[in-house]
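A.B. asks: Mind looking over this structure? Questions follow.
What follows draws every value from the coordinates through simple rules; no lab data is involved. A quick note: this is a predicted structure, and the numbers were derived from the prediction, not measured. Virtual Cβ from ideal backbone geometry, glycine too; neighbours counted across all protein chains shown.
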């Protein structure tokens, strides 16, 4: 079922994410299932107790990339609507940092799309988190997005 | 947006031609932002410079950046871009550390 992207939601926010409202927004009479992913702040990182996290983003590019993921979801899976929201700024333990919801006529497509969405977001959307501990802070180990191949221009020797 | 040429004609006629150089906006994020002390800079480059050359210029100003080169990906105008991509005046380039959203 092809649905215009404009019924979807792709947002960066600085306030708590209203998961109930988002899940309700994507739900329609022709659907039979919604699958949601709630990613929240863990109280530890590599055996160290975490105090809190601070997220920052290349905001304009991040939203563009989130919309691109949405377009891929509609292409690859028989889904209806998507909501994808990431929170920025300081987040305490247990607070939701990312929420993704997908509706579909049947559950299989919604599960597959939701999994694809969070996996792709974590690899390609320019967002970074800094982890704060009792004794300091570190930027979380991240993933390097797939690098574009060199253009056909002659490369200067270096 | 650039001002319409007609409005600036009076000024332009007095200014020497600047076609040999371009001006791009550079953005830094995550630990790079901390190292540079600012998230944004404007840099002047020779025409047809690449993203690699822009990074080299940033390293000239701040040698500490050099060791991050292999763990960065670049973007031009909000699309991931190869390091040999040629730049144009007004481009927005960002040097992105490994992403860790979610």
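A.B. asks: Can you give the extra length, in nm with one decimal, that the chain gains between residue A:134 and residue A:147 once fully stretched, where that is 0.36 nm per residue apart less the Cα-Cα distance? All intermediate terms of the calculation are to be shown ahead of the outcome.
C.D. replies: Values: separation 13, 0.36 × 13 = 4.68 nm, distance 3.54 nm.
Contour length minus the Cα-Cα distance gives 1.1 nm.
A.B. asks: Another question, then. If r is the Cβ-Cβ distance from residue B:46 to residue B:79 and R0 is 25 Å, what FRET efficiency results, to the nearest 0.05?
C.D. replies: 0.65
A.B. asks: While we're here: Could you state, as a whole-number percent, how many of the C-alpha pairs of segment A:20-93 are farther apart than 13 Å? Can you show the working numbers first?
C.D. replies: On the way: 2021 of 2701 pairs.
When all Cα pairs of segment A:20-93 are counted, 75 percent exceed 13 Å.
A.B. asks: Next up: Which of rounded, prolate or oblate describes segment A:53-158 when judged by the alpha-carbon gyration tensor and an a/c cut-off of 1.5? Write down the numbers at each step before the final one.
C.D. replies: On the way: a/c = 2.53, a/b = 1.08, b/c = 2.34.
The shape class here is oblate.
A.B. asks: Just to confirm my numbers, what's the Cα centroid distance between segment B:41-102 and segment A:31-93 in Å?
C.D. replies: The distance from the Cα centre of segment B:41-102 to that of segment A:31-93 comes to 26 Å.
A.B. asks: Report the semi-axes of the equivalent ellipsoid for segment A:93-136 in whole Å, largest first, where each axis is √(5λ) for an eigenvalue λ of the Cα gyration tensor.
C.D. replies: 30, 13, 7
A.B. asks: Report relative contact order for segment A:10-136 in percent, whole number only (criteria: Cα-Cα under 8 Å, sequence separation at least 6).
C.D. replies: Working: 259 pairs, mean separation 50.9, N = 127.
Rounded, it is 40 percent for segment A:10-136.
A.B. asks: If you don't mind, another one. Over the protein assembly as shown, what lengths in whole Å, largest first, do the semi-axes of the equivalent ellipsoid take, defined as the square roots of 5 times the eigenvalues of the alpha-carbon gyration tensor? Could the numbers behind the result be given before it?
C.D. replies: Numbers: eigenvalues 280, 119, 58 Å².
For the protein assembly as shown, the ellipsoid semi-axes come out as 37, 24, 17 Å.
A.B. asks: With the radius of gyration and the Kirkwood radius both derived from the Cα set of segment B:20-96, what is their ratio Rg to Rh?
C.D. replies: Working: Rg = 11.2 Å, Rh = 12.2 Å.
Computed over Cα atoms, the ratio is 0.92.
A.B. asks: Please arrange B:33, B:25 by counting, for each residue, the other beta carbons lying within 10 Å of its beta carbon, fewest first.
C.D. replies: By the 10 Å Cβ count, ascending, the order reads B:25, B:33.
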